[in-house]
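A.B. asks: First the structure, then my questions, so here it is.
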Amino acid sequence: MTEESLTITDQEDRLDKVVAEAFTDYTRTQMSKWIDDGILTVNGETKKAKYKVHAGDVISFVVPEPVVLDIKPENLPLDIVYEDDDLLVVNKPQGMVVHPAAGHPNGTLVNALMYHTELSSINGVIRPGIVHRIDKDTSGLLMVAKNDQAHEALSADLKDKKNLRQYYALVHGEFSENKGTIKAPLGRSKTDRKKQAVIAGGRDAVTHFEVVKRYVGYTLLRVTLETGRTHQIRVHMAYIGHPVAGDPLYGPKKTLAGNGQFLHAATLGLTQPTTKKELTFEAPLPQYFVETLAQLQPYAEENN
């Protein structure tokens, strides 16, 4: 068990910034989590990350013992689009849960990834390697970190909005405009804790969209995320009156037949953490999505 401490001499800055610069053996994400969990204290008291340290403050913490991953690796099919020593990009099928949770202890993407490779430990025993998530019934591209250094870099880029994340979404209704932007803050719904909602004081959320093809009663959109909040596309589309087709949580009961929302993470752009090379990946629409589009009636040009 490792104990660490630091006595502040002249710094006057945010706690999270000071400890990240002082304790370089640990990642920023780890330090932030230890602050949030109360493991890292100032003068024996827990403080928020934004606390401004002063001369004489004593920062201390005991590094938690590493937790042995108890998730069972499973030899499940993986559609790996790209892989190197730091990361991999995987095309997740619709219906696969990203990480174990109540009701889904196995058969998840994380179970399959653990069988395939080593993963970063930053997100703990349940979500090792997972930098960002997509919903169970959303298909498409995810980046996964193999080590903590890569995870830290990828997470920082995600936070700084440096990644390209584009989706195809089939939504209810017909658009008169060809493109637009939705800026509406999101947070947990006050009436249903399973849902997110547009609420005053929520976290900033920005979604850009453009029409790819119009159908009678439906529109295929290309959606670009500027931020990446939970259920962001699904909530924003429902908010403007065009819920994602097949969405069991935010859409109408009368919708297209399928196994969930018609939402596909098609394009992912990232910076390779070691080489700093810009990489962009594409995943074609899955077969169920293609077959559904083929059954829809195109919207006649003269109706526009």
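The values are calculated or read from the model by the stated rules, or taken from the named source; none is laboratory data. Small disclaimer: the values here were computed from a predicted structure and weren't measured. Reconstructed Cβ throughout: ideal geometry from the backbone, glycine too, with neighbour counts over all protein chains shown. Heads up: the accessible areas ignore ligands, DNA and RNA and are worked out on the full protein's heavy atoms, side chains in. Shrake-Rupley method; radii C 1.70, N 1.55, O 1.52, S 1.80 Å.
A.B. asks: Residues in the range 219-245 that are open to solvent by less than 10 Å² (accessible area, probe 1.4 Å) and touching a Gly at 6+ places or on another chain (Cβ under 9 Å): how many?
C.D. replies: Selection size over the range 219-245: 4.
A.B. asks: So, in the range 150-200, exactly how many residues are over 20 Å from ASP135 (Cα atoms), touching a His at 6+ places or on another chain (Cβ under 8 Å) and basic (Lys, Arg)?
C.D. replies: Summing the residues that are over 20 Å from ASP135 (Cα atoms), touching a His at 6+ places or on another chain (Cβ under 8 Å) and basic (Lys, Arg) in the range 150-200 gives 1.
A.B. asks: Looking at (1) of a type in the set (A, V, I, L, M, F, W, C); (2) more than 17 Å from the chain's Cα centre (by Cα); (3) within 24 Å of GLY260 (Cα to Cα), can you tell me which one VAL90 breaks?
C.D. replies: Unmet condition: (2).
A.B. asks: Suppose the filter is under 25 Å from VAL144 (Cβ atoms) and part of a strand (DSSP E or B); does ASN111 pass it?
C.D. replies: Values: under 25 Å from VAL144 (Cβ atoms): yes; part of a strand (DSSP E or B): no.
It is false that ASN111 is under 25 Å from VAL144 (Cβ atoms) and part of a strand (DSSP E or B).
A.B. asks: Taking the residues in the range 87-104 that are of a type outside the set (A, V, I, L, M, F, W, C) and open to solvent by 20 Å² or more (accessible area, probe 1.4 Å) as candidates, determine which candidate is farthest from ALA150 (Cα to Cα). Show your work before the answer.
C.D. replies: Of the range 87-104, the ones of a type outside the set (A, V, I, L, M, F, W, C) are 91-95, 99-100, 103-104.
Among the residues that remain, those that are also open to solvent by 20 Å² or more (accessible area, probe 1.4 Å) are: 91, 93-95, 99, 103-104.
Working: ASN91: 19, PRO93: 24, GLN94: 26, GLY95: 27, HIS99: 19, GLY103: 30, HIS104: 27 Å.
This residue is GLY103.
A.B. asks: With the range 11-97 as the region, which strands (runs of 3 or more DSSP E) entirely inside it contain at least 1 residues that are of a type outside the set (S, T, N, Q) and touching a Lys or Arg at 6+ places or on another chain (Cβ under 7 Å)?
C.D. replies: Once the strands (runs of 3 or more DSSP E) in the range 11-97 are filtered for at least 1 residues that are of a type outside the set (S, T, N, Q) and touching a Lys or Arg at 6+ places or on another chain (Cβ under 7 Å), what remains is 87-92.
A.B. asks: For the range 141-184, how many residues are of a type outside the set (Asp, Glu) and surrounded by fewer than 16 Cβ atoms within 10 Å (Cβ to Cβ)?
C.D. replies: 13
The rows are residues; the columns are (1) open to solvent by 50 Å² or more (accessible area, probe 1.4 Å); (2) in contact (Cβ under 8 Å) with a residue 24 or more places away in the chain.
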residue	(1), (2)
SER5	yes, yes
ASP25	yes, no
ILE35	no, no
GLY44	yes, no
VAL62	yes, yes
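A.B. asks: Scan the range 20-47 for residues that are under 26 Å from the mean Cα position of the chain (by Cα) and within 14 Å of ASP57 (Cβ to Cβ) and report the count.
C.D. replies: Within the range 20-47, residues that are under 26 Å from the mean Cα position of the chain (by Cα) and within 14 Å of ASP57 (Cβ to Cβ) number 1.
A.B. asks: Of all residues in the range 147-177, how many are assigned to a loop (DSSP other than H, G, I, E, B) and either closer than 17 Å to LYS276 by Cβ or among the β-branched types (Val, Ile, Thr) (or both)?
C.D. replies: The number of residues fulfilling the criteria is 4.
A.B. asks: Sticking with this one: Sort through ILE134, ILE126 and tell me the only one that's hydrophobic (A, V, I, L, M, F, W, C), modelled with pLDDT of 90 or more and either touching a helix residue (DSSP H, G or I) at 6+ places or on another chain (Cβ under 9 Å) or open to solvent by less than 40 Å² (accessible area, probe 1.4 Å) (or both).
C.D. replies: It is ILE134.
A.B. asks: Just to check your reading of the model, which residue among VAL223, VAL211, VAL171, VAL206 is under 26 Å from TYR299 (Cα atoms), at pLDDT 90 or above and out of contact with any helix residue (DSSP H, G or I) (no Cβ under 6 Å at 6 or more places or on another chain)?
C.D. replies: Just one listed residue meets the conditions, VAL211.
A.B. asks: Is one or more of the residues making up the range 219-234 among the charged types (D, E, K, R) and over 19 Å from LEU164 (Cα atoms)? Quick ask: steps written out before the conclusion?
C.D. replies: Taking the range 219-234 first, the residues among the charged types (D, E, K, R) are 222, 226, 229, 234.
When the remaining residues are screened for being over 19 Å from LEU164 (Cα atoms), the result is none.
Checked against the condition, which is being among the charged types (D, E, K, R) and over 19 Å from LEU164 (Cα atoms), the range 219-234 yields no hits at all.
A.B. asks: Among the residues of the range 247-268, what is the count of those that are open to solvent by 10 Å² or more (accessible area, probe 1.4 Å) and out of contact with any Asp or Glu (no Cβ under 6 Å at 6 or more places or on another chain)?
C.D. replies: Qualifying residue count, the range 247-268: 12.
A.B. asks: Please work out which one of (1) open to solvent by less than 40 Å² (accessible area, probe 1.4 Å); (2) modelled with pLDDT of 90 or more is the condition GLY187 fails and give its number.
C.D. replies: GLY187 satisfies all of (1) open to solvent by less than 40 Å² (accessible area, probe 1.4 Å); (2) modelled with pLDDT of 90 or more except (2).
A.B. asks: Now a separate question. Give me the pairs: first residue in the range 249-270 and in contact (Cβ under 8 Å) with a residue 60 or more places away in the chain and within 15 Å of TYR168 (Cα to Cα), second residue among the aliphatic types (A, V, I, L, M) and assigned to a loop (DSSP other than H, G, I, E, B), beta-carbon distance under 6 Å, and six or more apart or on different chains, which are they?
C.D. replies: PHE262/ALA245; HIS264/LEU285; ALA265/ILE134; ALA266/ALA283
A.B. asks: Quick check on this structure: which one of LYS190, LYS194 is without any contact (Cβ under 8 Å) to a residue 24 or more places away in the chain, in a loop (DSSP other than H, G, I, E, B) and farther than 28 Å from VAL212 by Cβ? Walk me through it before giving the result.
C.D. replies: Details: LYS194 fails: without any contact (Cβ under 8 Å) to a residue 24 or more places away in the chain.
So the residue among LYS190, LYS194 that is without any contact (Cβ under 8 Å) to a residue 24 or more places away in the chain, in a loop (DSSP other than H, G, I, E, B) and farther than 28 Å from VAL212 by Cβ is LYS190.
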